[in-house]
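Worksheet for the structure shown next.
Just so it is clear, none of the values below were taken in a lab; they were calculated from the coordinates. Keep in mind that this is a model prediction, so the values were computed, not measured. Neighbour counts are summed over all protein chains in view; Cβ atoms, including those assigned to glycine, are modelled from backbone coordinates with ideal geometry.
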Amino acid sequence: MDFVIVSLNVIFFREIEIGLYSAIDIYLMGKMIDILFEGIYFTKLLLIISDKNEEIAREIGEKIRRGTTGLFGKGMYTQQNKLILMCAASRGDISKIKLAARKIDPRSFIIITNSREVVGLGFKKT
């Protein structure tokens with residue numbers, strides 16, 4: 001909707017500068033609202049279920065420089081024991097981790113959820 005309003009503004013008033021300033025303002029306001037509601041230390045938590053956990057964990061550690069933790073779980077549909085990778089990451093790392101996991105195992109199942117705060121190595125200090 002913002003894009004439509006800015007585009008119409010540029011078309012009707014024939015002022016590209018106004019459109020550019022409006023777009024920059026909308027972007028900055030969105031970031032400020034994110035920080036206000038989510039906080040500075042807002043991160044994402046990924047749960048990756050795959051049969052190739054070792055390779056995915058190695059790739060995340062070596063290429064993206066994030067740690068992973070293996071949690072034991074059981075698939076209730078298949079009744080199979082599974083290792084679930086858990087990884088806390090910044091918003092910027094999410095797409096890299098998804099691409100790495102899907103490249104290694106296209107059948108991997110990935111859950112991404114919000115995490116209000118992560119305290120520890122690589123994140124907020126206590």
Item to check | Sequence-distant aspartates and glutamates (8 or more away, or on other chains) whose Cα lies within less than 15 Å of Lys44 | outcome: Asp34, Asp93, Glu117
Item to check | Dipole moment magnitude, nearest 20 debye, the chain about Cα centre, only Lys, Arg, Asp, Glu C-beta charged | outcome: 580
Next on the checklist: Which of Leu47, Leu99, Leu85 ends up with the largest GNM mean-square fluctuation for the chain, with Cα atoms connected below 10 Å?
Outcome noted: Leu99
Checklist entry - Can you give the three extents of the C-alpha atoms in the chain along their principal axes, from longest to shortest, in whole Å? => result 63, 37, 29
Item to check | Chain lengthening between Ala23 and Phe42 when straightened (0.36 nm per residue, less Cα-Cα) | outcome: 4.4 nm
Item to check | Low-density loop cleavage sites - chymotrypsin sites (Phe, Trp or Tyr not before Pro) in region 1-59, where at most 16 other Cβ are within 10 Å (DSSP) | outcome: Tyr41, Phe42
Item to check | Coarse-grained scattering of region 43-115 at q = 0.13, 0.19, 0.22, 0.24 Å⁻¹, given as base-10 log I(q)/I(0) from a Debye sum over alpha-carbon atoms | outcome: -0.33, -0.69, -0.92, -1.08
Item to check | In region 7-62, the GluC sites (Glu not before Pro) that fall in loop regions by DSSP, at most 14 other Cβ within 10 Å | outcome: Glu15
Checklist outcome for this item: Relative to the chain, whose Cα atoms define the longest principal axis, helix 16-38 and its Cα axis are tilted in degrees, nearest 10, by 40
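Given a cut-off of 26 Å, name the pairs among Lys31/Lys52; Lys52/Lys74; Lys74/Lys98 whose C-alpha atoms lie farther apart than that in the structure shown. Please list the in-between numbers first.
Details: Lys31/Lys52 36 Å; Lys52/Lys74 16 Å; Lys74/Lys98 22 Å.
With Cα atoms farther than 26 Å apart: Lys31/Lys52.
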Item to check | Computed helical MRE - 222 nm, the chain, DSSP H runs ≥ 4 contributing -39500 (n - 2.57), nearest 500 | outcome: -14500 deg cm²/dmol
